[in-house]
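These notes are about the structure you will find just below.
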Amino acid sequence: MPRTFTYIVHKAGLADESAGELLAAARKIGPAQTPVALVVGYGADLDAVCESLRGTFSEIWKLSNESLAYPNAELVRQALVRVLPQGSILLVPHNHFGVDLSPGLSVKLNAAYVSDVLDIERVAGNSLTLVRQEFGGQVSTHVQCDITSGAVLNIRPGAIATHGSVQASASGVIVDQSAKVGPLTAKRRYLETLIPEAGDVDITRHAVLVSVGRGIQEKDNVSIAEDLANALGGAVSCSRPVVDAKWLEKSRQVGSSGQTVRPKVYLACGISGSFQHLAGIKGNPFMVAINKNPKAPIFRVADVGIVDDVLEFLPELTERVLEETSVAAGRSRE
Amino acid sequence: MEILVCAKRVPDTSENEIQLNGAGNDIERDDVVYSVNEPDNYAVEEALRIVDRTGGNVTVVTVGGDEDEEILRREMAMGAHQAALISDEAFEGSDGRGIATILKAFVQKGKYDLILTGVQADDAGAQVGGMLAAMLDYPFASLVNAIDVENGGLKISREIEGGSKEISAIDLPCVLSIQTGINEPRYVGMRGIRQVASREIPTFDASTLGLDGGQVGEDAAKVKRTDYFVPVAGKGAEMLEGSREEIIDRLVAMMRAKGGLN
Ligand SMILES: Cc1cc2nc3c(=O)[nH]c(=O)nc-3n(C[C@H](O)[C@H](O)[C@H](O)COP(=O)(O)OP(=O)(O)OC[C@H]3O[C@@H](n4cnc5c(N)ncnc54)[C@H](O)[C@@H]3O)c2cc1C
Ligand SMILES: Nc1ncnc2c1ncn2[C@@H]1O[C@H](COP(=O)(O)O)[C@@H](O)[C@H]1O
């Protein structure tokens, strides 16, 4: 069984929570082996991350290089190609960095590549059986991956449970592999990171979100959701296609490339429930899904599901909420 | 600038509910509406906008079968100057690596300053662009949501977490994977498609590209999809049934209990 390495994403001296998930995934591939944490970076932040992993990994490979202070995937790739033993299995989180790094890295390592892996189901000889999804999570697939010459696997964040994979002792060994990295050059040079400007409404501060997806169908229909949000004292948020179509501002987008929200109540209206969208909903809100497709993936995660046309359902719900609230207002006046 | 855009025809998730076929070895493909993969269409629009500024040509290429020609025509109707269909039985069963190998052979038959792909195909996994770049030894950037032509190279923005943008300079030639929302793709009507109906689309096969079965197709694939299945439901939602009025009654009561109605 080839050795398994886990790529540790980190920021400001802290390892990302994906580290524990990758460790759990590595254990599924080789229960008996000790996966290695690969930590790439520079300076005090890098040392802090390596140190923090000593409680969970028994071996930590540190790759320090000044030009790796910012994780430019092209430079990281060069470093990994020089350091990883032939035939290794490398696990990487399937986020914006993993998408940038892994496909090209697999070519340079002559290893197999599978993206966005949800589970590792079986290991048999040189073949892994993996679980993926297609079409925005509407269907799942089994994938056979030949690991004879190694593999790079991108693991979906949040898909593999971490419980039970943490060791108690802080005895991990840090192995400095920096000398193997050598000089690095890139044809793509990082310049800066731009933080988005605040939008008209801060959806992260609302307890009730009426969230619209592609199912709202056209820009003019967004007002139906606004009416409901006003009646409920909440705000309108949305999925990505609504922003791509310029029906709402980017600041209203919930998801991995948008905002992370923690409302009490989340109404998903005409949203299919892709993992990128769900990644932005935290704090376990009471989730209501309204979708005309009874098989929509959103119904697997919502608390309450309603199969209906949002264009008809939402106005009726608004009307009813307005009646309720005016009754309540009447009561409180008495 | 000479720009190549790689595009794929896929079942359109905004037009169809995707379901398994009876045997569980594929999705149900009868009566399914196919379209050009969503981000690929943004990539074509972006290429057209770049050549509007710099001059040059946009070529659209797909690896597929005869039925995939329709997306090439659609993208020509948008304004792409040329198109090419890469098709051969020997390519069937290729994994992402195989597709990238085929595209590499095609790229090396021409001369392109910039190659664009979509971020991800709906039925695959965000890999072809990055693999193609590595095979060509070109620099690569994924999730690109803005491109400026500057000093003989490009200044690009990548979409990273929370809507932040990572800005980089990148040398040409390069490969970029384009994210949805980078622009507003122009509308294509039936009339536009009719106007390009008689334009010739050259076809390339394994022998014209100098490829053999050891590199592409099912036998070369290290990654193989073996079946489709319906994901397990998890806890699953409580489905509200009955008349719309009854449903709204129950929903309002539930929302009141959860603090969503005051
Ligand atoms: C790198 C990357 C980052 C991404 N980041 C994000 C992100 O941050 N946030 C995000 O949301 N997405 C993100 N996406 C996109 C994501 O993959 C999905 O494409 C997107 O979430 C789908 O949005 P949707 O559910 O609105 O549309 P669809 O998937 O098209 O679903 C529309 C739903 O509406 C239903 N519907 C249609 N008409 C009606 C009607 N009249 N009444 C009721 N229901 C109806 C349909 O049955 C369907 O379920 C990202 C993708 C990538 C590749
Ligand atoms: N068969 C194909 N022909 C042409 N381009 C493709 C093909 N498959 C994938 N691509 C390109 O690669 C991108 C990413 O696809 P994938 O890696 O398959 O998710 C797509 O958006 C297309 O631009």
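Inspect all residues belonging to region B:169-184 and state whether any of them is more than 8 Å from chain A (Cβ to nearest Cβ), part of a loop (DSSP other than H, G, I, E, B) and open to solvent by less than 20 Å² (accessible area, probe 1.4 Å). Among the residues of region B:169-184, at least one is more than 8 Å from chain A (Cβ to nearest Cβ), part of a loop (DSSP other than H, G, I, E, B) and open to solvent by less than 20 Å² (accessible area, probe 1.4 Å), which makes the answer yes.
Screening A:Gly137 on (1) within 27 Å of A:Lys250 (Cα to Cα); (2) free of Cβ contacts under 8 Å to residues at least 60 places away in the same chain shows it passes everything except condition (2).
Could you say whether any residue in region A:82-90 is in a loop (DSSP other than H, G, I, E, B) and within 22 Å of A:Tyr190 (Cα to Cα)? Spell out how you get there, then give the answer.
Looking only at region A:82-90, we keep the residues that are in a loop (DSSP other than H, G, I, E, B), and these are A:84-88.
In the following step, the residues that additionally are within 22 Å of A:Tyr190 (Cα to Cα) were identified as none.
Checked against the condition, which is being in a loop (DSSP other than H, G, I, E, B) and within 22 Å of A:Tyr190 (Cα to Cα), region A:82-90 yields no hits at all.
Scanning for something within 16 Å of ligand 1 (Cβ to nearest atom), touching a strand residue (DSSP E or B) at 6+ places or on another chain (Cβ under 6 Å) and more than 10 Å from chain A (Cβ to nearest Cβ), does region B:137-145 turn up at least one residue?
Taking region B:137-145 as the starting set, the residues that turn out to be within 16 Å of ligand 1 (Cβ to nearest atom) are B:140-145.
Those still in the list that are touching a strand residue (DSSP E or B) at 6+ places or on another chain (Cβ under 6 Å) too: B:140-145.
Keeping just the survivors that are more than 10 Å from chain A (Cβ to nearest Cβ) gives B:144.
Within region B:137-145, one or more residues are within 16 Å of ligand 1 (Cβ to nearest atom), touching a strand residue (DSSP E or B) at 6+ places or on another chain (Cβ under 6 Å) and more than 10 Å from chain A (Cβ to nearest Cβ).
Considering (1) away from ligand 1 (no atom under 12 Å from the Cβ); (2) within 11 Å of chain B (Cβ to nearest Cβ); (3) farther than 22 Å from A:Ala207 by Cβ; (4) out of contact with any helix residue (DSSP H, G or I) (no Cβ under 8 Å at 6 or more places or on another chain), say which one A:Gly330 fails and leave the rest. If we test A:Gly330 against (1) away from ligand 1 (no atom under 12 Å from the Cβ); (2) within 11 Å of chain B (Cβ to nearest Cβ); (3) farther than 22 Å from A:Ala207 by Cβ; (4) out of contact with any helix residue (DSSP H, G or I) (no Cβ under 8 Å at 6 or more places or on another chain), just (2) comes out false.
Restricting to region B:8-25, name every residue that is away from ligand 1 (no atom under 16 Å from the Cβ) and either crowded, with 20+ Cβ neighbours inside 10 Å or assigned to a loop (DSSP other than H, G, I, E, B) (or both).
Within region B:8-25, the subset away from ligand 1 (no atom under 16 Å from the Cβ) is B:9, B:20-25.
Correct list: B:Arg9, B:Asn21, B:Gly22, B:Ala23, B:Gly24, B:Asn25.
State whether one or more residues within region B:205-226 are closer than 30 Å to A:Arg189 by Cα and in contact with a His (Cβ under 8 Å, 6 or more places away or on another chain). No, region B:205-226 contains no residue that is closer than 30 Å to A:Arg189 by Cα and in contact with a His (Cβ under 8 Å, 6 or more places away or on another chain).
Could you check region A:274-324 and list, in sequence order, the residues that are hydrophobic (A, V, I, L, M, F, W, C), more than 10 Å from chain B (Cβ to nearest Cβ) and closer than 16 Å to A:Val222 by Cα?
The initial filter retains those residues of region A:274-324 that are hydrophobic (A, V, I, L, M, F, W, C), namely A:275, A:278-279, A:281, A:286-290, A:296, A:298-299, A:301-302, A:304, A:306-307, A:310-311, A:313-314, A:317, A:321-322.
The next check asks that each one be more than 10 Å from chain B (Cβ to nearest Cβ); those that pass are A:275, A:278, A:281, A:310-311, A:314, A:322.
Of everything in region A:274-324, those that are hydrophobic (A, V, I, L, M, F, W, C), more than 10 Å from chain B (Cβ to nearest Cβ) and closer than 16 Å to A:Val222 by Cα turn out to be A:Val310, A:Leu311, A:Leu314.
Checked against the criterion of being at pLDDT below 95 and more than 7 Å from chain A (Cβ to nearest Cβ), the candidates B:Gly236, B:Gly259, B:Gly213 yield just one match: B:Gly213. Among the residues that make up region B:98-111, is at least one of them out of contact with any His (no Cβ under 9 Å at 6 or more places or on another chain) and either within 15 Å of ligand 1 (Cβ to nearest atom) or within 9 Å of chain A (Cβ to nearest Cβ) (or both)? Yes, region B:98-111 contains at least one residue that is out of contact with any His (no Cβ under 9 Å at 6 or more places or on another chain) and either within 15 Å of ligand 1 (Cβ to nearest atom) or within 9 Å of chain A (Cβ to nearest Cβ) (or both). Candidates are the residues of region A:243-253 that are within 22 Å of the chain's Cα centre (by Cα) and at the interface with another protein chain (Cβ under 10 Å from one of its Cβ atoms); the one that is nearest to A:Gly199 (Cα to Cα) is A:Ser251. When you scan region B:118-128, do you find a residue that is at pLDDT 95 or above, touching a Pro at 6+ places or on another chain (Cβ under 7 Å) and more than 16 Å from ligand 1 (Cβ to nearest atom), even just one? Within region B:118-128, not a single residue is at pLDDT 95 or above, touching a Pro at 6+ places or on another chain (Cβ under 7 Å) and more than 16 Å from ligand 1 (Cβ to nearest atom).
Condition first: facing another protein chain (nearest Cβ under 9 Å) and buried (at least 20 other Cβ atoms within 10 Å of the Cβ). Now tell me which residues in region A:118-129 satisfy that.
A:Leu118
Residue count for region A:98-117 under the criterion of being away from ligand 2 (no atom under 16 Å from the Cβ) and either open to solvent by 20 Å² or more (accessible area, probe 1.4 Å) or more than 11 Å from every other protein chain (Cβ to nearest Cβ) (or both): the result is 3.
Of all the strands (runs of 3 or more DSSP E) wholly in region A:157-267, which have at least 3 residues that are in contact with a Lys or Arg (Cβ under 8 Å, 6 or more places away or on another chain) and modelled with pLDDT of 95 or more?
On the way: elements: A:173-176, A:188-194, A:208-212, A:235-238.
Result: A:173-176, A:188-194, A:235-238.
Filtered by the rule that a residue be in a helix (DSSP H, G or I) and more than 16 Å from the chain's Cα centre (by Cα), region B:79-96 gives B:Glu89, B:Ala90, B:Phe91. Has region A:242-260 got at least one residue that is farther than 30 Å from B:Asn183 by Cα, of a type outside the set (A, V, I, L, M) and more than 16 Å from ligand 2 (Cβ to nearest atom)? The answer is no, given that none of the residues of region A:242-260 is farther than 30 Å from B:Asn183 by Cα, of a type outside the set (A, V, I, L, M) and more than 16 Å from ligand 2 (Cβ to nearest atom).
Assigned to a strand (DSSP E or B) and either near ligand 1 (Cβ under 8 Å from one of its atoms) or in contact (Cβ under 8 Å) with a residue 24 or more places away in the chain (or both), is that true of A:Ala296?
Details: assigned to a strand (DSSP E or B): no; either near ligand 1 (Cβ under 8 Å from one of its atoms) or in contact (Cβ under 8 Å) with a residue 24 or more places away in the chain (or both): yes.
No; evaluated as a whole, the condition is false for this residue.
The values are calculated or read from the model by the stated rules, or taken from the named source; none is laboratory data. Note that this is a predicted model, so its numbers are computed, not measured. Here the Cβ is made from the backbone with ideal geometry for all residues, glycine too, and neighbour counts use every protein chain on show. SASA here: full protein model, heavy atoms, side chains in, ligands and nucleic acids out. Shrake-Rupley method; radii C 1.70, N 1.55, O 1.52, S 1.80 Å.
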